[in-house]
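Read through the structure below, which is laid out as structure tokens, and then see the notes.
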Amino acid sequence: MLGGCGEAPGPIGAAPDSAQARRILQATAFDYFYIASAKNGDVYVAPWGRGRGADRTISGLNKPSGVCGSNSVWVATARGLIEYAQGGTTPISTLSGNAVSCAIDPNSGTLAATSGNMVSVWQGAQGNPTTYTLNGKITLRYCGYDNAHNLFVDGYSGAKKSDLVFAELASGAASLQPISLSAKVGVPGGVQFDGTYVALQDLKKPYEIYQLQVSGSSATVVNTVDPGSHFEWVGAMSMIQEYGATIVFLPVDERGAWGTGVYQARFPYMSNGRFNRAKGRGPYSAVTLSEI
């Protein structure tokens with residue numbers, strides 16, 4: 001669980017109402033957002049808080065399309081992965097190679113990144129990576145770890161982004177295992193662990209989030225989460241767990257903003273969405289939250 005400030009709202013035993021959701025969101029008030037814009041070559045850094053926008057910018061990056069973090073933040077770019085201290089804008093380390101997205105295993109510190117049909121994994125986020133590939137004309141996009149060190153990746157085959165590819169690199173496994181999915185996804189988006197299920201985001205309207213129960217080489221959609229609004233464009237989501245609920249962070253282009261919502265795995269809807277302005281700097285590619 002990521003750290004935060006403020007009075008703990010207590011565990012949620014039912015679907016979060018607006019008051020409960022507001023207290024949970026306030027508990028993360030002093031963490032930092034990193035919002036990437038591949039088109040602009042920028043990453044915007046903003047402290048979380050009502051009505052507060054980005055107060056610093058990392059500029060001049062080569063297609064920063066992914067961000068991931070915990071105690072520090074990694075930015076995935078076309079020229080490699082760059083690490084920043086939480087709240088910082090000066091690189092503290094780099095890893096070479098093209099990267100589209102990244103994920104950190106919070107339990108082990110292992111860093112993973114996607115590029116083309118390949119996943120690269122750095123133990124301890126340093127040294128030389130171990131690489132894993134899927135055969136065929138496959139483009140891997142987003143990735144995320146669950147709480148058992150298993151890495152899940154999505155993407156598409158051929159030219160159609162609707163031809164979903166979903167795979168798992170199980171903890172200790174020597175290869176990526178394709179997974180069949182019982183749902184049609186318009187455009188594969190962020191992959192996150194929501195505390196109970198693997199959550200897969202659809203970047204095509206209405207931008208739904210699918211909660212997946214993975215068993216062997218197949219995944220079943222247990223619930224579908226509706227973000228509750230109709231946006232013009234949404235980038236890859238990020239999630240954290242706080243007080244028995246899941247907080248979802250969505251970078252939204254419609255008003256140059258990023259938003260949040262709260263849901264609990266057993267009650268799949270988002271409540272109390274909030275938006276922070278980013279001075280119309282979209283479109284955004286991805287968002288993450290760094291822990292204080």
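Only residues in the range 147-161 that are among the hydroxyl-bearing types (S, T, Y) count as the first member; pair them with residues that are surrounded by 12 or more Cβ atoms within 10 Å (Cβ to Cβ) and assigned to a strand (DSSP E or B), Cβ under 7 angstrom, at least 6 apart or cross-chain, and list the lot. Filtered contacts from the range 147-161: Y156/T139; Y156/L164; Y156/V165; Y156/P188; S157/I138; S157/V165.
Given the range 196-245, what strands (runs of 3 or more DSSP E) lie entirely inside it while holding 1 or more residues that are of a type in the set (A, V, I, L, M, F, W, C), modelled with pLDDT under 90 and surrounded by 14 or more Cβ atoms within 10 Å (Cβ to Cβ)?
Qualifying strands (runs of 3 or more DSSP E): 209-215, 218-225, 238-242.
The residues of the range 88-123 that are of a type in the set (G, A, S) and either at pLDDT 95 or above or within 20 Å of G136 (Cα to Cα) (or both), listed by number, are S93, A99, S101, A103, A112, A113, S115, G116, S120. Considered as a group, the residues in the range 124-164 that are surrounded by 13 or more Cβ atoms within 10 Å (Cβ to Cβ) and over 20 Å from the mean Cα position of the chain (by Cα) include one that is nearest to V185 (Cα to Cα), and that residue is D163. Checked against (1) at pLDDT 60 or above; (2) farther than 20 Å from L151 by Cβ, T288 meets all criteria but (2). Keeping to the range 56-98, report how many residues are surrounded by 15 or more Cβ atoms within 10 Å (Cβ to Cβ), of a type in the set (S, T, N, Q) and outside any strand (DSSP E or B). Selection size over the range 56-98: 4.
Filtering P91, P129 for residues that are more than 22 Å from M237 (Cβ to Cβ) and in contact with a Gly (Cβ under 8 Å, 6 or more places away or on another chain) leaves a single hit, P129.
Can you say whether T110 is touching a residue at least 24 places away in the same chain (Cβ under 8 Å), surrounded by fewer than 22 Cβ atoms within 10 Å (Cβ to Cβ) and in contact with a helix residue (DSSP H, G or I) (Cβ under 6 Å, 6 or more places away or on another chain), as far as the supplied structure shows? So T110 passes the test. Contact annotation: residue pairs with Cβ atoms under 6 Å, 6 or more positions apart or on different chains, pairing a residue in the range 119-137 that is assigned to a helix (DSSP H, G or I) with a partner that is at pLDDT 95 or above, are Q123/T110; A125/L111.
Could you please find all residues in the range 163-210 being of a type in the set (G, A, S), within 20 Å of C68 (Cβ to Cβ) and in contact (Cβ under 8 Å) with a residue 24 or more places away in the chain? If the condition is that a residue be of a type in the set (G, A, S), within 20 Å of C68 (Cβ to Cβ) and in contact (Cβ under 8 Å) with a residue 24 or more places away in the chain, then A167, G189, G190, G195, A199 are the ones that fit.
Of all residues being part of a loop (DSSP other than H, G, I, E, B) and among the polar types (S, T, N, Q) in the range 138-157, which is nearest to G216 (Cα to Cα)? Just the residue, please. So, considering only residues that are part of a loop (DSSP other than H, G, I, E, B) and among the polar types (S, T, N, Q), the one nearest to G216 (Cα to Cα) is N150.
The values are calculated or read from the model by the stated rules, or taken from the named source; none is laboratory data. Note that the coordinates shown come from a computational prediction; the quantities given were computed from them, not determined experimentally. For neighbour counting, all protein chains shown are included, and Cβ atoms are generated from backbone atoms with ideal geometry for every residue, glycine included.
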